[in-house]
1. From the list Ala190, Ala200, Ala213, Ala204, pick out the single residue that is under 30 Å from Asn325 (Cα atoms), surrounded by fewer than 22 Cβ atoms within 10 Å (Cβ to Cβ) and not hydroxyl-bearing (Ser, Thr, Tyr).
2. Could you check the stretch 195-216 and list, in sequence order, the residues that are within 16 Å of Leu253 (Cα to Cα) and in a helix (DSSP H, G or I)?
3. Considering every residue within the stretch 171-192, establish whether at least one is modelled with pLDDT of 95 or more, closer than 24 Å to Leu356 by Cα, in contact with a Leu (Cβ under 6 Å, 6 or more places away or on another chain) and not in a helix (DSSP H, G or I).
4. Scan the stretch 219-248 residue by residue and report those that are more than 18 Å from the chain's Cα centre (by Cα) and either part of a loop (DSSP other than H, G, I, E, B) or of a type in the set (S, T, N, Q) (or both).
5. Can you find, within the stretch 295-316, the residue that is nearest to the chain's Cα centre (by Cα) among those that are crowded, with 20+ Cβ neighbours inside 10 Å and modelled with pLDDT of 85 or more?
6. Go through the stretch 99-150 and count every residue that is assigned to a strand (DSSP E or B) and in contact (Cβ under 8 Å) with a residue 40 or more places away in the chain.
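The values are calculated or read from the model by the stated rules, or taken from the named source; none is laboratory data. Just so it is clear, the model here is predicted, and its values are computed rather than measured. A quick note on method: Cβ atoms are made from the backbone with ideal geometry, for glycine too, and the neighbour counts reach across all protein chains shown.
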Amino acid sequence: MNWLLILASACSLLFGLFHALGATLFSVWLRRQKVAQPSASRAEKAGVLVASRGFDPSLPEMLRGLLDQDYANYEVHVTVDESEGPASQRLAELVADHPHRDRLRLHSLGEPLPTCGLKNSALLVGLRQLSPDVTRIAMIDTDIIPPESWLGDLLAYLDDPQVGAVSGAQWFDPGEEIEPGTLVRSLWNAAALVPTCLFANAWAGSLAFRREAFVRAGLEKLWERTIVDDGPLPHAMRQLGLRMQFAPNMLMLNRESCSFQYVNNWLQRMLCWSRLYEASFRNTLIHACLTAALLVLLSVTLLLALFSGQLASLLGLATAWLASNLLHVAAWQTVRQAVIRSSQHVAAQLPDELPLNVWLGLALFVPVTQLAFCLATLRVLTLKKISWRGADYEIAGPESVRLVRQAPIGTTSESPAGTSI
């Protein structure tokens with residue numbers, strides 16, 4: 001029993017140290033990343049594409065933020081799902097008194113393609129309405145509130161002729177209350193953010209590309225066959241000999257709360273996209289297997305110590321497990337501070353310190369996050385059907401998707417605070 005106790009305790013501590021060290025190295029790496037500076041002329045005309053399904057709480061503020069960009073020469077194309085009624089009219093009313101409302105073009109989704117995600121269908125509508133002189137294209141999600149420099153800062157990376165596309169990443173902060181789903185999402189996101197940035201995996205929440213590269217890569221036809229818009233982009237750029245660039249100042253903040261059921265489904269969806277489109281998913285799978293093995297080892301050792309009445313062994317193992325969880329929380333905090341230093345957008349909205357109850361909640365939910373991650377990874381290995389914002393899809397491969405059901409978003413509880421995705 002003693003050897004098993006030592007093994008379980010050592011593995012638990014080493015696992016925590018591994019994540020803490022990884023977070024520290026990531027922090028150093030992120031600090032050294034160069035931030036592109038917008039050119040003074042900004043002569044290139046840009047188009048911004050937005051797909052709106054339902055009315056997210058942040059949509060009015062997001063839309064006004066888009067129209068207030070300090071980039072002079074751009075237009076905004078928003079494609080809305082009007083299955084619940086005249087959504088375009090509601091959006092127009094949101095900005096009716098805005099001084100730059102002439103930048104906005106509203107389109108109806110109409111009949112979506114049955115061979116791709118609804119978001120892809122919506123983006124394709126906007127794409128085909130871009131003015132002929134638009135040379136750079138940006139995309140943003142409806143839950144992102146862009147600062148006024150967002151578009152110029154993002155497009156600045158495209159001044160490098162070796163960069164075909166650029167994107168940031170998203171930080172989910174837990175807020176100041178203990179909410180299980182929100183804590184689990186933030187803990188997992190902090191760990192996932194490291195490979196996302198290191199491998200420059202595309203994130204459509206803040207993404208831009210050259211129109212010419214998009215056309216040469218045949219991405220319009222590819223969007224017609226894929227479930228997501230951002231996943232196929234890095235591979236398509238590499239085929240053109242261009243680079244997918246991570247923008248360290250384009251880390252965006254999401255502070256929405258979510259239920260535990262929502263985050264379980266959200267986690268499956270994120271891992272499913274990774275399995276379909278990211279070569280780094282094999283690293284995720286290895287990490288999930290090691291995490292599962294550790295959880296099994298700790299659980300078995302804990303039960304053996306409990307049933308054999310070895311209270312000292314039980315206390316020793318529990319202490320090692322707690323120390324490991326605290327190391328994971330330290331890793332989370334290291335990543336959080338790195339994000340705050342890198343992004344003015346995040347720094348302006350987040351306090352440096354969190355209340356004690358949040359720290360306790362994070363430590364408590366580390367093993368819950370690990371278990372949810374393992375189960376979700378196992379599930380996506382054989383996942384063939386997925387639900388996303390009121391729509392059901394059958395997925396046979398990266399470019400083999402079928403839309404099998406589409407419900408009006410208002411008839412579901414699909415929001416971060418709801419019960420399903």
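1. Numbers: Ala190 fails: surrounded by fewer than 22 Cβ atoms within 10 Å (Cβ to Cβ); Ala213 fails: under 30 Å from Asn325 (Cα atoms); Ala204 fails: under 30 Å from Asn325 (Cα atoms).
From the options Ala190, Ala200, Ala213, Ala204, the qualifying one is Ala200.
2. Going residue by residue through the stretch 195-216, those that are within 16 Å of Leu253 (Cα to Cα) are 196-197, 203-207.
Answer for the stretch 195-216, where residues must be within 16 Å of Leu253 (Cα to Cα) and in a helix (DSSP H, G or I): Thr196, Cys197.
3. yes
4. Glu224, Arg225, Gln239, Leu240, Gly241, Leu242
5. Out of the qualifying residues, it is Leu298.
6. So the count comes out to 6.
Residues are listed down the side, and each one gets a yes or a no for (1) surrounded by fewer than 17 Cβ atoms within 10 Å (Cβ to Cβ); (2) modelled with pLDDT under 85; (3) touching a helix residue (DSSP H, G or I) at 6+ places or on another chain (Cβ under 8 Å); (4) among the charged types (D, E, K, R):
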site	(1), (2), (3), (4)
Leu7	yes, no, yes, no
Leu25	yes, no, no, no
Glu44	no, no, yes, yes
His77	no, no, yes, no
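Condition check ((1) at pLDDT 90 or above; (2) part of a strand (DSSP E or B); (3) out of contact with any Cys (no Cβ under 7 Å at 6 or more places or on another chain); (4) exposed (fewer than 15 other Cβ atoms within 10 Å of the Cβ)) across all residues:
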residue: Leu354; (1), (2), (3), (4): no, no, yes, no
residue: Leu360; (1), (2), (3), (4): yes, no, yes, yes
residue: Val368; (1), (2), (3), (4): yes, no, yes, yes
residue: Ala372; (1), (2), (3), (4): yes, no, yes, no
residue: Thr377; (1), (2), (3), (4): yes, no, yes, no
residue: Thr382; (1), (2), (3), (4): yes, no, yes, yes
residue: Asp392; (1), (2), (3), (4): yes, yes, yes, yes
residue: Ala396; (1), (2), (3), (4): yes, yes, yes, yes
residue: Val404; (1), (2), (3), (4): yes, yes, yes, yes
